[in-house]
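First up is the structure itself, then whatever we jot down about it.
The values are calculated or read from the model by the stated rules, or taken from the named source; none is laboratory data. These numbers come from a predicted model, not from an experiment. Virtual Cβ from ideal backbone geometry, glycine too; neighbours counted across all protein chains shown.
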Amino acid sequence: MPRTNLYLITYDISDDGDRSRCSQLLQDLGGRRINLSVFELLLAPGEEEKLMVRLAEMLDPACDSVACYLVCQACYGRAWWWPEGPGPWPGSIRSV
């Protein structure tokens with residue numbers, strides 16, 4: 001199994017069509033929506049740069065923004081959810 005990294009992707013996109021395309025791209029890549037404009041996404045090393053290039057090509061830098069945060073497994077294990085939600089690493093979930 002190839003090594004993967006968890007990324008938290010957040011966006012603020014003004015155009016409905018662009019926002020829908022961004023959301024669909026993240027879902028097509030296996031992303032899990034955790035909020036309207038927030039996804040968890042497992043990517044192989046280097047794939048996050050390709051994703052950001054694809055997103056940059058479809059968005060308007062004058063009014064849109066996207067952030068991609070790497071989340072290590074240890075930090076993810078200290079996260080909590082309410083209500084309970086599954087995560088990409090079984091056994092590392094804490095619900096309150």
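Looking across the range 9-55, just one residue is out of contact with any Leu (no Cβ under 9 Å at 6 or more places or on another chain), among the acidic types (D, E) and touching a residue at least 12 places away in the same chain (Cβ under 8 Å), and that is D12. Where helices (runs of 4 or more DSSP H) fall wholly inside the range 1-82, the ranges with 2 or more residues that are at pLDDT below 90 are 47-58, 73-77.
Scan the range 50-71 residue by residue and report those that are closer than 11 Å to D18 by Cβ, of a type in the set (A, V, I, L, M, F, W, C) and surrounded by 14 or more Cβ atoms within 10 Å (Cβ to Cβ). Selection gives L55, M58, L59, V66.
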